[in-house]
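Structure, as structure tokens:
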Amino acid sequence: MKTLAVLVGLLALCETGWAIYAPYRVPSEAEWQAASAEVRKHLGPHDLIVFAPLWMDQVGRQHLGDKIPLEMAARADNDHYDRVWEISLRGAHAPDARGAKVIEERSFGSLTLRLFYKPIEPVSYDFTSHFWQGQVSEVDRRGIEQRRSTTLLPRVLEVDYQPRRGILAPVAGDHMTRIEFSNVALQSRLIVYTGVHDYYARKVADGAVDFRIIVDGIEQAHIVHHNHDGWKRFELATSAGSKTVRFEISSPQPAWRTFGFHAEAR
């Protein structure tokens, strides 16, 4: 009992010490303002702003949220940005800065500001931005196609509790949904991201989604997406030229399959 009392006393001392010390490890308002002012002073048109660790994102947006538009906050990846501004705490690094070259680093108290550089990757066609060009139809079990009057809408998808810009294309019961884009300016690669939108949909159902990519009538990929796949990336080699690209979405268990995707030709 005496040993237990000593251990409990030591634990109480540790907890008290941590409670006193912890506030001094949190960045002050002055530190945030100084680091944010430096970003604002040098921010370029193709610059990305990130925070590390991830839990600092909400705090960071309180100071720089007006410089983080929807396209940046819900980006599929960082390939559109040639410079990355990272505000970090205690040596953390954001995934968006991985593989980039540090060209500047400054400390603002407990915060570290780093500027990274990496080559930018041009996009020849963004399917989400051109959602209005997609023709939507449904194919029943007999193979009969029926044109839908529903207009596609771009959405900010929630995948793995993160915002993702894309096209919401829910599975239509036992039908297959076709989304066709004509005269797409393809280059050397097609970059595709897939995910199941909405936490509740992933909670109440776990059916796989079949996602097919067809270019000029030839199937290029058949992707089976599950809840646990998160925001999944695929790359397809393509030949340059004006092509017809079709996406097909279906599921053997269609309930709550709120499927979404984002695709770009690069």
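Where a number appears in this text, it was derived from the coordinates with a stated rule and is not lab data. Since we're looking at a predicted model, the values are computed, not measured. Using ideal geometry, Cβ is built from the backbone for each residue, glycine included, and neighbour counts are taken over all protein chains shown.
Per-structure values
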{"read-out": "Reduced Cα scattering model of the range 125-265, Debye log10 I(q)/I(0), q = 0.14, 0.19, 0.21 Å⁻¹", "value": "-0.60, -1.14, -1.39"}
{"read-out": "Å³ per residue enclosed by the Cα convex hull of the range 25-117", "value": "91"}
{"read-out": "Thr244-Gln62 FRET efficiency (beta carbon distance; Förster radius 51 Å; 0.05 resolution)", "value": "0.65"}
{"read-out": "Taking Lys41, Lys203 and counting other C-beta atoms within 10 Å, the order from fewest to most", "value": "Lys41, Lys203"}
{"read-out": "Computed helical MRE - 222 nm, the chain, DSSP H runs ≥ 4 contributing -39500 (n - 2.57), nearest 500", "value": "-6000 deg cm²/dmol"}
{"read-out": "Over the chain, relative contact order from alpha-carbon pairs under 8 Å, at least 6 apart, %", "value": "18"}
{"read-out": "Stokes-Einstein D (µm²/s) once Rh is taken as the Kirkwood radius of the range 78-129 over alpha-carbon pairs, at 10 °C in 1.306 mPa s", "value": "130"}
{"read-out": "For the range 208-266: Kirkwood Rh in Å [reciprocal of mean 1/r, alpha carbons]", "value": "12.7"}
{"read-out": "Gain on full stretching of the segment that runs from Ala237 to Gln133 - 0.36 nm per residue minus C-alpha separation", "value": "35.2 nm"}
{"read-out": "Values of log10 I(q)/I(0), in the order q = 0.09, 0.11, 0.14 Å⁻¹, for the chain under a Debye, Cα-only, solvent-free model", "value": "-0.55, -0.73, -1.00"}
{"read-out": "Label zone at His42, where the point sits 7 Å out along the Cα-to-Cβ direction: the range 66-104 residues whose backbone N lies under 17 Å", "value": "82-88, 97, 100-104"}
